[in-house]
1. Which one of the conditions (1) under 18 Å from residue 353 (Cβ atoms); (2) within 24 Å of the chain's Cα centre (by Cα) does residue 283 fail to meet, given that it meets all the rest?
2. Taking the conditions exactly as written (without any contact (Cβ under 8 Å) to a residue 24 or more places away in the chain, buried (at least 16 other Cβ atoms within 10 Å of the Cβ) and within 30 Å of residue 194 (Cα to Cα)), does residue 230 satisfy them or not?
3. Is it the case, given these coordinates, that residue 120 is within 27 Å of residue 13 (Cβ to Cβ) and surrounded by fewer than 23 Cβ atoms within 10 Å (Cβ to Cβ)?
4. In this structure, is residue 418 modelled with pLDDT of 95 or more, over 21 Å from the mean Cα position of the chain (by Cα), exposed (fewer than 14 other Cβ atoms within 10 Å of the Cβ) and farther than 26 Å from residue 272 by Cα?
5. Any idea which of (1) crowded, with 24+ Cβ neighbours inside 10 Å; (2) touching a Ser or Thr at 6+ places or on another chain (Cβ under 9 Å) is the one residue 325 doesn't satisfy?
6. How many residues does segment 359-406 contain that are surrounded by fewer than 24 Cβ atoms within 10 Å (Cβ to Cβ) and without any contact (Cβ under 8 Å) to a residue 24 or more places away in the chain?
7. Looking at segment 245-292 only, could you name the residues that are within 14 Å of residue 386 (Cα to Cα), modelled with pLDDT of 95 or more, surrounded by fewer than 16 Cβ atoms within 10 Å (Cβ to Cβ) and of a type in the set (A, V, I, L, M, F, W, C)?
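The values are calculated or read from the model by the stated rules, or taken from the named source; none is laboratory data. Model, not experiment: these values are computed from the prediction. Neighbour counts run over all protein chains shown; Cβ positions are idealised from the backbone, glycine included.
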Amino acid sequence: MRVLFVATEVAPWVKVGGLGDVVGSLPSALRSEGVDARVCVPAHAGILRVAPNPRRVASYAIGHANGPVHATVWETELEGVPAYLIAGPPIPEEGVVYTGRMDEEGERFVFFSLAALELCRHLEWVPDVLHCHDWHSAVVPHALAQQRTGDAALEPIASLLSVHNLPYSGQGADAALRAYGISGTDDPRVSYGHRAIPLVLGLASADALSTVSEGYAREILGPEYGCGFEHLLRERRADLTGIRNGLDVVSWDPMGDAALAAPYGPDAMDGRARCRAALHAELALPDDDAPLVAVVSRLVAQKGLDLIAPALRQLRELPWKAVVLGTGDPWIERALETLAAEMPDRVRVKIGFDETLARRIYAGADCVAMPSRYEPCGMTQLIAMRYGCVPVARETGGLADTVADVDLSEDATGVLFADATPSSLAFALRRAFSVSRTPRWADLIDHGMRTDWSWQASARVYVRLYERLARSRARKKA
């Protein structure tokens, strides 16, 4: 089985969010399952400076209204995974990955998508499945569906489109689509106003669809989370699979994490007490029995971080402390800094992101608050449980799939709540604080630390999906 990942991020070379983690980890897990998985990404954000020994393997032109646009492909390797880097005039070699300007991003990523598909005609290695990710490569399955009939190179290839975050659809890239000769879909399942949106082209054309948790796959079928695409997604329900993201358990391992004051694991927990004491000293917080609540997140409304300050104010009479690490919307940053100024003896807010400090927070905090309004999968809760930090999370998407509530499961790993309100979050934290004073708390920690959050279980599900796609494509070709 040969699979080519087509995406804009691959950790550690280029990482903005969870997409980079997936593309940086899943191909390696698949290779350990016998899949010849490879990666194709744009040669942007300085990637050619950090990729080892890139060598040019292909050069070709992509048609454009203003004349051919030339693509150059470099081959390299990322921790044993072959990688193809696509360069060309629309793709700046330095600078940010996403500009927020759809005229720039549309030109860049439509070119990248078409160049990635064309690459299949220029390699001796031909994938059985093109695994595309989010709107940035959603044009690939659309172009593949239009071009593969009668094309010896493309006809055997199946496509899978994974949706990591549905609201990011590429709307506004219609000028780039026209310039590269891509007409909007005429699929009757797609409403007229959505026919020139890159993500919709992929949702309508890909041989199969996936998203990053079973819960999110269910949620996007309805109007609350479907972003206006729910009718099309319901029509394609049989082709949609939710597969939970995994965790790089080698990188995220409290037994071998050099950032921590002491190593620990589920069978050797003494080190965690030392980590907790060290974190309190670093933050200049009193090292007492009051639970320490952590927030490690982008400080944005989607993550529900506007609920943190009012929820904690409702708990003023209880003993607790809190540490916030992240950056995001200025108004949320200001609200949290105001809370810290009101409660200087128990709240610390660190604006910015520091992965080393994040690791120490996971190892030293008692619980992590995740009040997300929606969460396709979420990595924070997986890392937190791996490090013995109990998640207090809203029951949505991947959070509902991965966190088992203390009152509903013998194998509970955290506390869930339903409503995205300060009062609901405050009540959930009260529950967590209450349980933290009982032996049950140690059970939550132990269950979370012992659960297998690695990529291997998810990789095996993907293998079955790839095999099904390849068989289906072979039947259609025959």
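1. Here residue 283 clears every test but (2).
2. On the way: without any contact (Cβ under 8 Å) to a residue 24 or more places away in the chain: yes; buried (at least 16 other Cβ atoms within 10 Å of the Cβ): yes; within 30 Å of residue 194 (Cα to Cα): yes.
Yes, satisfied.
3. Spelling it out, residue 120 is indeed within 27 Å of residue 13 (Cβ to Cβ) and surrounded by fewer than 23 Cβ atoms within 10 Å (Cβ to Cβ).
4. On the way: modelled with pLDDT of 95 or more: yes; over 21 Å from the mean Cα position of the chain (by Cα): yes; exposed (fewer than 14 other Cβ atoms within 10 Å of the Cβ): yes; farther than 26 Å from residue 272 by Cα: yes.
Considered against the rule, which asks whether it is modelled with pLDDT of 95 or more, over 21 Å from the mean Cα position of the chain (by Cα), exposed (fewer than 14 other Cβ atoms within 10 Å of the Cβ) and farther than 26 Å from residue 272 by Cα, residue 418 comes out as yes.
5. (1)
6. Summing the residues that are surrounded by fewer than 24 Cβ atoms within 10 Å (Cβ to Cβ) and without any contact (Cβ under 8 Å) to a residue 24 or more places away in the chain in segment 359-406 gives 2.
7. Within segment 245-292, 255, 268, 269 meet the criteria.
Listed here are the residues, each with its yes/no results for (1) within 16 Å of the chain's Cα centre (by Cα); (2) part of a helix (DSSP H, G or I); (3) under 19 Å from residue 165 (Cα atoms).
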position: 348; (1), (2), (3): no, no, no
position: 356; (1), (2), (3): no, yes, no
position: 361; (1), (2), (3): no, yes, no
position: 372; (1), (2), (3): yes, no, yes
position: 376; (1), (2), (3): yes, no, yes
position: 381; (1), (2), (3): yes, yes, yes
position: 392; (1), (2), (3): no, no, no
position: 408; (1), (2), (3): no, no, no
